[in-house]
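Values quoted throughout were computed directly from the atomic coordinates according to the rules given, and no laboratory measurement underlies them. None of the values given here were measured: they were computed from a predicted structure. Here the Cβ positions follow ideal geometry from the backbone for every residue, glycine too, while neighbour counts run over all protein chains shown.
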Amino acid sequence: MRLEIGNKVAVLDDVLKGIVTAVNGKEVSVETEDGMIFKFDASELVKIGKDQHQLSKYSDINNPLLQEKKASQKTKKSFFTKAKNEVVLEVDLHINQLVKSTRGLDNYDMLNLQLETAKRKIEFVISKRISKIVFIHGVGEGVLKAELNSLLNKYPVRYYDASYKKYGLGATEVYVFQNAEE
């Protein structure tokens, strides 16, 4: 399968879908509906047609879109969620969500990868003036949560445990202070 700029694609091991914006050898850049650009190996993507694109978001019965569709016909969900007219970015820091395989990575490498992802996302929300971000880190031994808290202390943010009802025990919600002047 040859991918070209403008093709609609879905990621095989994730719930991401988007449009191909660049192809560099086997590396393919995909822009999601949210405007975020991700890079994937061509083997991780599958080309989808327009009808499939619309149908595929309802194919997973656990998909929040399907459950929300019953409650409200106009609500749309992705990495960004809207709560009370504010945009909230949700970032899953579980290592299996960040890399295809952990083979060859030790605990230190995995932790650094998770923290670098968190750092990039917090800088993204600050630059885009998004007021909230939720990091889903899991419970475990609490090492990632402690390191995440240490990282967040370097930014103009306030953080606290996220909603237990929505995320369980393993998530931290971050409120980003925005500069009032402009």
For a quick size check, give me the Cα extents of region 94-182 along its three principal axes, largest first, whole Å.
47, 27, 21
Given labels modelled 7 Å from the Cα in the Cβ direction, how far is it in nm from residue 129 to residue 106?
4.5
Go ahead and run the numbers for FRET between residue 143 and residue 48, Cβ-Cβ distance against an R0 of 35 Å, rounding to 0.05.
0.35
Over region 132-182, volume per residue of the alpha carbon convex hull, in Å³
68
